[in-house]
Structure formats: structure tokens, C-alpha cells
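The values are calculated or read from the model by the stated rules, or taken from the named source; none is laboratory data. Keep in mind that this is a model prediction, so the values were computed, not measured. Glycine gets a Cβ as well: all are built from the backbone with ideal geometry, and neighbour counts include every protein chain shown.
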Amino acid sequence: MEKLKRLFNLFLTFFKIGLFTFGGGYAMIAVIEREIIEKKGWISHEEFLDVIAIAESTPGPLAVNSATYIGYKIAGIFGSLFATLGVVLPSFLIIFTISFFFDKFIHITWVSYAFKGIQACVVFLILNAGIKMQSKIKKTAFNLTLFILTLIALITLELLAVNFSSIFFILIGGLIGLIVYLIGYFKNKNTSDKNDNGGKR
Amino acid sequence: MLELLEIFLTFLKIGAVSFGGGYAMIPLVTDEVIAHGWMSYDQLMNFIAVAESTPGPIAINMATFIGATRGGVIISGFLGNILGALLATFGVVLPSFIIILVIATIIKGLLQFAGVKAFLNGLRPVVVGLITATGILLFITVILGVNTIYGEIKFDWLALIIFTVITVLYYTYKRITKKTLSPILLIIISAILGILLYGVI
């Protein structure tokens, strides 16, 4: 019974997220932050960043990938099934309905006005999500450098209309993390080796 | 029957290779749909405009719409529409569902390796940078109306008003109550503002 309740809860939460995800993947981050991290505490901020990275480096929409991952974490395979179903269902129902009177739909002007308003809000939501996450990660020189470099690189490339997938950014970031770790590891090893030798003499 | 299977397989393929979020997959879907002769280019472009503004990942929206339209041609009537939509949507979600499920099951084991942890440490600030940069870029494109440095400027001051209202609302509420407004509520407010402002002016 407890498990069933949890599955239903997952489904409902992700249904809500699916219903209010406008304008591509990053827009849903604000809604997920609110519903999953702040209200439910299902995952931590750090883990959510990992989920976004995984979602960006694997095929498929961010919303679906997050739902599958978080669903699994909360309630196993059935959890991921219910969460994914929940996040997909709203758009499925809406688009399926629209498909019957599509030609009329694109001429409803107030709908397009509403969407224009939502678009301006999405700008705020994504900016705010970025700022919020920035305040949550540790303020080390390493983190700040990578953050600022990514910021400058992506904005410059986009404005120059150069196509550079975000997967590469993520992979490069990961590799830099690995290299910095290895350098630190071998440095430590060297110094401890020297200390060992010093001890023997 | 075979034609319905073709819808499923085509979207399975799209779902398996659509890295890097929704917009990256648009050319892929366009190619497939035009090659199969499922829809005209104009019809598809009109729909993409709608898919961008309705909730939900664009991949799901496109699969549902194209599946419903094509299914209605194969088997006329509601049954054809729903079968086509279901098969296409199921196809586009399945690859990422399976991939994320596999990752979710092994990630705990992976996290025991210091190298994996170092890799994640490196990509986290990059992800935050990507999100913040996307927010800034959206501000530049949606509100300032600049797509690339090569294009012309189409400043949207109504979008700026909505953006400002939402920002002020969010931070004032936060300051007074120490709580944050739900993104869902902000989206609804901005939709109403959009109808009022764009409709009146």
C-alpha cells in the first residue's frame, strides 16, 4: 500500500512537471527544483546536477531522462515507469487533441499571446535556476573557473552561430575534473614516497 | 500493420540518436518525415512552431503529432490516430528510458571509484554554467531580439515588461515571506500578462 502510494505520488509529481515544461529542457529545471528537491526532498542539488549531465550526454529529452532516473531512485523500475509515464502523458494528451484541429489551432491569436508571455517567464526561470545552482555549489577556485569559462564559451559560440553540442562541454568538464584529481593524486604520492624514504634513512 | 510498425521503428531510431536536447533532433525528424512522405515541409514547420510553445519536450510533441497524423492515414478514424500517436511516442521514449535505467542501476557502484567522483566534480560547474548561459542567451534572443551577431535586432519591449514584472514579483515575495513563488504560478501569471499586453497593444 505504501509502495502504491509512492508510485502514484511519483506519477502525479511528474505529470505536473510535464504539464508545465515550456520551451525545452532547461525550463523544467525550475519546476523540478521546486517539486522534487525543495518540496519532496527526493534527491539533492548535487545529484540533480549529475542527472542533468547524464541526461545531456545520453539521447532523449531532459524531462524524460530525469523522470526515469529519479523514478528509479525513489521506487525502482516501477518508479521509473510511473514517473516517465507521468512526464510524457500531458504533452501526449495535449498534442493528440491539437492534432485534430491543428489548422484552426495555429490561428487562435490569444493562445499565441499567452505563449509569448510564457516565453518571457521561461527566460526568468532558467536564469534563476542557473543563479540558484551557482549559489549551491561550493565556491572553490576550480568550480568558479569552470563555471565562468563555460559561460563565456557557450555565449560566444552561440552568438557567432557556431554549433558546439553541450555534450562536449560536459565531457571536457569531466575530463578536467579527472586530470586535476590525478595531478593531485600523484603529487601526494610523490611527497609521501619521499617522506617514506626520508624515514628509512 | 507493417506501416504502423514503420512509425514505431522510425521514432525508435530518432529517440536513440537524438543527443543534446530537443532542438538538435528537429533536422533529424524533418529528414525522416520528408523521406517517408508523411507530411509536407510547410505542415511540419507550422507544427514545430506549435510544439515549441505547448508544454512538454519537443521530441514527445513531434512524435505524438506525426504519429497521430500518419496513423490516421493508415487506418482512418480515431483508432488510427491513437495507434499512430502511441507507437511513435513509445518509440521515441524507449531508447532513453532503457539507457537511463541502466545508468541508474549501476551509478551507485560507479560512485565508489574516486575517478568517477572526480569526473562528476568537473562536470557539475560546467552544467551550472550551461544553464546560466542558456538563460542569458534566451534573454538576448527573446527579449533583445538578437539571434546571432550577424542578424538584425528585434527588441521586444513587452517581453521585457513581463520579464521585469515576474522578476520583481519573485524577489519581492521572497523578501517578504522568505518563501519562493512556485514556477507554475509564475508561468500562469505570465500567460495572462501575455494575453493582456500583446492583445491590447
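Yes/no matrix, rows are residues, columns are (1) facing chain B (nearest Cβ under 7 Å); (2) closer than 17 Å to A:Ile29 by Cβ:
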position: A:His107; (1), (2): no, no
position: A:Val123; (1), (2): yes, yes
position: A:Lys132; (1), (2): no, yes
position: A:Lys136; (1), (2): no, yes
position: A:Ala153; (1), (2): no, no
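Could you tell me whether A:Ile36 is in a loop (DSSP other than H, G, I, E, B) and farther than 19 Å from B:Met62 by Cβ? For A:Ile36, the condition - in a loop (DSSP other than H, G, I, E, B) and farther than 19 Å from B:Met62 by Cβ - is not met. Note on the range B:52-89: residues that are more than 7 Å from chain A (Cβ to nearest Cβ), in a loop (DSSP other than H, G, I, E, B) and in contact with a helix residue (DSSP H, G or I) (Cβ under 8 Å, 6 or more places away or on another chain) amount to 1. On the stretch given as the range B:1-19, residues that are of a type outside the set (A, V, I, L, M, F, W, C) and either modelled with pLDDT of 90 or more or surrounded by fewer than 19 Cβ atoms within 10 Å (Cβ to Cβ) (or both) total 4.
Considering only the range B:145-165, how many residues are hydroxyl-bearing (Ser, Thr, Tyr) and more than 7 Å from chain A (Cβ to nearest Cβ)? Lay out the reasoning, then the answer.
Of the range B:145-165, the ones hydroxyl-bearing (Ser, Thr, Tyr) are B:148, B:150, B:164.
Those still in the list that are more than 7 Å from chain A (Cβ to nearest Cβ) too: B:164.
So the count comes out to 1.
Checked against the criterion of being more than 29 Å from A:Glu38 (Cβ to Cβ) and either not aliphatic (A, V, I, L, M) or not assigned by TED's automatic domain parsing to the domain that holds A:Ala27 (or both), the candidates A:Ile148, A:Ile152, A:Ile167 yield just one match: A:Ile152. For A:Ala67, the conditions (1) within 7 Å of chain B (Cβ to nearest Cβ); (2) buried (at least 22 other Cβ atoms within 10 Å of the Cβ) are fulfilled apart from (1). Among the hydrophobic types (A, V, I, L, M, F, W, C) and surrounded by fewer than 21 Cβ atoms within 10 Å (Cβ to Cβ): is that true of A:Ile152 in this structure? Against the criterion (among the hydrophobic types (A, V, I, L, M, F, W, C) and surrounded by fewer than 21 Cβ atoms within 10 Å (Cβ to Cβ)), A:Ile152 qualifies.
Listed by first and then second residue, the pairs with beta-carbon distance under 9 Å, at least 6 apart or on different chains, first residue in the range B:128-144 and more than 7 Å from every other protein chain (Cβ to nearest Cβ), second crowded, with 19+ Cβ neighbours inside 10 Å and of a type in the set (Phe, Trp, Tyr), form an empty list. What about B:Leu138, is it modelled with pLDDT under 90, under 23 Å from the mean Cα position of the chain (by Cα) and in a helix (DSSP H, G or I)? Taking the combined requirement at face value, the residue satisfies it. For the range A:92-131, which residues satisfy the criterion of being at pLDDT below 80 and either of a type in the set (Gly, Ala, Ser) or outside any helix (DSSP H, G or I) (or both)? Those that are at pLDDT below 80 and either of a type in the set (Gly, Ala, Ser) or outside any helix (DSSP H, G or I) (or both): A:Ile106, A:His107, A:Ile108. With respect to being at negative phi, surrounded by fewer than 21 Cβ atoms within 10 Å (Cβ to Cβ), modelled with pLDDT under 90 and not assigned by TED's automatic domain parsing to the domain that holds B:Thr54, B:Lys174 falls outside the description. You will find that of A:Lys116, A:Lys136, the residue that is surrounded by 14 or more Cβ atoms within 10 Å (Cβ to Cβ), in contact with a helix residue (DSSP H, G or I) (Cβ under 8 Å, 6 or more places away or on another chain) and within 20 Å of B:Leu120 (Cβ to Cβ) is A:Lys136 and no other.
If you go through the range A:73-85 and pick out every residue that is closer than 15 Å to A:Lys40 by Cα and either within 7 Å of chain B (Cβ to nearest Cβ) or of a type in the set (Val, Ile, Thr) (or both), you end up with 2.
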